[in-house]
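The values are calculated or read from the model by the stated rules, or taken from the named source; none is laboratory data. From a predicted model like this one, the values you see are computed outputs, not experimental measurements. With ideal geometry, Cβ positions are generated from the backbone for all residues, glycine too; neighbour counts draw on all protein chains shown.
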Amino acid sequence: MNQARTNPMDGAQRIAVVPGDGIGPEVMVQATRVLEAVADRFGIALSLEHFPWSADHYLTTGETLPAGAMETLQRDFAAILVGAFGDPRVPDMRHAADILLGLRRGLDLYINFRPIKLYDARLCPLKGKTEDDIDLVVLRENTEGAYSGAGGVLKPGTPDEVAIEQEINTRKGVERILRAAFEHARSSSRRRVCMADKSNAMRHGGGLWQRCFAEVSADYPEIEAEHRYIDTLALELVRIPERYDVIVTNNLFGDIITDLGAALQGGLGVAASANLAPGRVSLFEPVHGSAPDLAGQGRANPIATVLSVALMLDTLGHVEAAQAVEAVAATTLRAGVATPDVGGQATTAEVGDRMVRELSTL
């Protein structure tokens, strides 16, 4: 354990909690209740420290991410748990970009890790598919690609306007996300890694991905390496999702297919994610947005944030606790104690109550 990331008074691992905007604070309340309950149940020493970074904070102070925050988080914290960002009062979403994208890039969290797992067959929109059919992970490159912000606009506002968005692929960036995918497959006993690109149309970046994939896969002879064009993969995820174990792809394509995957497992309300880099503090967040129109109504689904807590615990080495959190989220869904987005009538707090009770009876 890195001692710099523990509380010097009691040795507890320090967790930075950033509830964010909209429904973020509501789902975070339930997620931290579950986190505290499982920590108590398994004797895990954690120290949760809340930070106010949000649209409210930005509109009040003009500050997005404070000076020195990146260094403090990297030096002093074991993990960052985030709710959601986005507020119509900040039309350009500057605060969200500075906080969320700023942390991903500033901390070099190059792995966006998205489990796509069906916990209740009733939630899957695909006919005849069961929990056994949908259990895969997507590793999305998180710092490069079409989201790099490279490009520009010429002659804006005129009939001759030209907008250029450039995709950035580096050998370092591509190779390390590919290797992370194979390492995950090996450590989790998954048999197959699929790399998805569009190299038949995007030959420069796609060619780099193809060459790196061939080189990296050769180091993992026990794992089947396969390739799909991204449009073919989208088709097959709907037709035969059971075909896939581990998928690795770039930033843009990963963003799209993981939302498709979220639909397969029941929607964004049950989709968790982790932003990872070995040796660095990592960031965990639900996939859904801030849904400001639902804020304060008790209708927000806390399951995705709770499953993000499970990912965090697993990453921090608390495997049994992570499995317990995932199990109570699954049994709560199967019991029908759920918010309206997944067909239930429970409130956000009632879903949290159920999970906390389940943990106490383990």
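Worth a mention:
- Residue within region 149-164 that is surrounded by 18 or more Cβ atoms within 10 Å (Cβ to Cβ) and either touching a Leu at 6+ places or on another chain (Cβ under 7 Å) or part of a loop (DSSP other than H, G, I, E, B) (or both) present: no
- Residue in region 249-267 that is touching a strand residue (DSSP E or B) at 6+ places or on another chain (Cβ under 9 Å), in the same structural domain as Tyr110 (by TED's automatic domain parsing) and not in a helix (DSSP H, G or I) present: no
- Flag set for Val138, criterion: in the same structural domain as Glu226 (by TED's automatic domain parsing), closer than 27 Å to Ala263 by Cα and touching a Gly at 6+ places or on another chain (Cβ under 7 Å).
- Taking strands (runs of 3 or more DSSP E) as the structural unit, those lying wholly within region 1-94 and holding at least 1 residues that are exposed (fewer than 13 other Cβ atoms within 10 Å of the Cβ) and either at pLDDT 95 or above or on the phi > 0 side of the Ramachandran plot (or both) correspond to 46-50.
- All positions within region 105-125 that are farther than 30 Å from Thr331 by Cβ and surrounded by fewer than 19 Cβ atoms within 10 Å (Cβ to Cβ): Arg105, Gly106, Asp108
- Of all residues in region 165-176 being touching a helix residue (DSSP H, G or I) at 6+ places or on another chain (Cβ under 9 Å) and either under 15 Å from Arg211 (Cβ atoms) or among the β-branched types (Val, Ile, Thr) (or both), the one that is surrounded by the most Cβ atoms within 10 Å (Cβ to Cβ): Val174
- Any hit, region 126-133, residues being without any contact (Cβ under 8 Å) to a residue 12 or more places away in the chain, among the polar types (S, T, N, Q), in the same structural domain as Asp259 (by TED's automatic domain parsing) and more than 24 Å from Asp197 (Cα to Cα): no
- Taken over region 129-150, the criterion of being modelled with pLDDT under 95 and farther than 23 Å from Phe113 by Cβ is satisfied by Ala150 alone.
Residue-wise test of (1) β-branched (Val, Ile, Thr); (2) out of contact with any Asp or Glu (no Cβ under 8 Å at 6 or more places or on another chain); (3) within 21 Å of Leu136 (Cα to Cα); (4) at pLDDT 95 or above.
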{"residue": "Leu237", "(1), (2), (3), (4)": "no, yes, yes, yes"}
{"residue": "Glu242", "(1), (2), (3), (4)": "no, no, yes, yes"}
{"residue": "Ser290", "(1), (2), (3), (4)": "no, no, no, yes"}
{"residue": "Thr315", "(1), (2), (3), (4)": "yes, yes, yes, yes"}
